[in-house]
1. Just one of Ala91, Ala44 is surrounded by fewer than 22 Cβ atoms within 10 Å (Cβ to Cβ) and of a type in the set (Gly, Ala, Ser); which is it?
2. Within segment 202-245, track down each residue that is of a type outside the set (Val, Ile, Thr), in a strand (DSSP E or B) and in contact with a His (Cβ under 7 Å, 6 or more places away or on another chain).
3. Select from segment 47-58 the residues that are in contact (Cβ under 8 Å) with a residue 24 or more places away in the chain and surrounded by fewer than 17 Cβ atoms within 10 Å (Cβ to Cβ) and write down the one among them that is nearest to Thr80 (Cα to Cα).
4. For segment 102-113, state whether one or more residues are over 23 Å from Ser297 (Cβ atoms), in contact with a strand residue (DSSP E or B) (Cβ under 9 Å, 6 or more places away or on another chain), modelled with pLDDT of 95 or more and not β-branched (Val, Ile, Thr).
5. Report whether or not Arg2 is buried (at least 19 other Cβ atoms within 10 Å of the Cβ), farther than 16 Å from His293 by Cβ and either under 22 Å from the mean Cα position of the chain (by Cα) or charged (D, E, K, R) (or both).
6. Counting only residues that are surrounded by 17 or more Cβ atoms within 10 Å (Cβ to Cβ) and in a loop (DSSP other than H, G, I, E, B), which one in segment 99-114 is nearest to the chain's Cα centre (by Cα)?
7. Would you check if Val274 is among the β-branched types (Val, Ile, Thr) and at pLDDT 95 or above?
8. If you take the residues in segment 19-40 that are touching a residue at least 40 places away in the same chain (Cβ under 8 Å), part of a helix (DSSP H, G or I) and out of contact with any strand residue (DSSP E or B) (no Cβ under 7 Å at 6 or more places or on another chain), which one is farthest from Leu154 (Cα to Cα)?
Amino acid sequence: MRAAVMGMRHGHISEFVRAVEENPAVSLVGIAEDEPTVRVRVAAEHSVPVYADFDELLDKEQPQVVGVARTNATKYLALTACLERGIHVIADKPLLTEMAQLRQVQAANAQSKARLGMMLSQRFSAPHRALKARVDAGEFGEIVHMYGFGPHKLRPHTRNPWELDAAQNGGVLVDLGVHYFDSLRWFSGQEPVRVAAAQGNTRFPELPQLYDHAHALMDFDGGMKGIVVADWLTPDAAPYHGDYRLYITGTRGTAEIATAGTLEPSGPNKQGGVRVVLNDKEPFDLEIPPLQHTPTSDFLEALVNDREPYGSAAEVLRTMEVTLHAKAAAESGEWVSIPAR
């Protein structure tokens, strides 16, 4: 299978390149990047043809699958171009930044036989998968509420200008919160019906186009409440990039996942840990079996073996739709209704 890359604007695209290299049935045949300085670097690092024009890459190299890491606000152009040509495509999160872009990608996906994916890392996190199995088995009873927290280090001097502009990155709820909107849906099996949100910029006033924090509150169709917090406020001196947490509270017990960043070497908040407390059992750390796949390696293997990826197009598009409704709520300051699927 012939693979190509459209856009090298974010380091997450390295996951796609690595997955291609590790899959013997897939080979990288070309890269396109329209930013000249990035293109020069990419050409020096890779031994495949590097193009300035995305359409030229598709015409000349005829890839069967494409990984996309353009700026967040322009990914939808690559997604629709690939889907319209019948080319499988997976992008770094988020897929897009505006509802009009979502409708365009949804239309292209509906008319295409190609598969669409998004790099939603929490669905491929070993702690998340281990806990999901216990939730699905009913060990926590009825889920009452879930909280997802996704702080990150900004380090503005290391960022490209588009990453510091909400018009281009989508804002912090879209850029970072998308992981937790997805996880709340995935774990609970419920769909949100309305959302309220707020966002602001407190720490980085010198970056007026940036939102450095946001919060969303959601009601779900099964009665669950959900909270998502995303921010660029991880302290500069922290030894971790972010201290990511997911909390689940049910009628029979609670669980906490800590998947990255902590000052505790062990215990309930250890890195990659899951602490479970049940009504009839003492607190314990969940055993975490290893996983074999990343979002991209699963996507490629699904294509090679003609099966549905673990994160289907319907799932990732729904997560983007929910995320964009949360963005609309933050912009309006009002509760926003989320239409049923």
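1. It is Ala44.
2. Filtering segment 202-245 for residues of a type outside the set (Val, Ile, Thr) gives 203-226, 230-233, 235-245.
With in a strand (DSSP E or B) added as a condition, the list becomes 213-220, 225-226, 230-231, 244-245.
Across segment 202-245, the qualifying residues are Lys225, Gly226, Asp231.
3. Filtering segment 47-58 down to residues in contact (Cβ under 8 Å) with a residue 24 or more places away in the chain leaves 54-58.
Of the ones still in play, those that are also surrounded by fewer than 17 Cβ atoms within 10 Å (Cβ to Cβ) are 55-56.
Values: Asp55: 12, Glu56: 16 Å.
That would be Asp55.
4. There is at least one residue in segment 102-113 that is over 23 Å from Ser297 (Cβ atoms), in contact with a strand residue (DSSP E or B) (Cβ under 9 Å, 6 or more places away or on another chain), modelled with pLDDT of 95 or more and not β-branched (Val, Ile, Thr).
5. So Arg2 fails the test.
6. This residue is Ala114.
7. Answer is no for this residue.
8. Glu22
The values are calculated or read from the model by the stated rules, or taken from the named source; none is laboratory data. These figures come from a predicted structure and were not determined experimentally. Note that each Cβ is placed from the backbone with ideal geometry, even for glycine, and that neighbours are counted across all protein chains shown.
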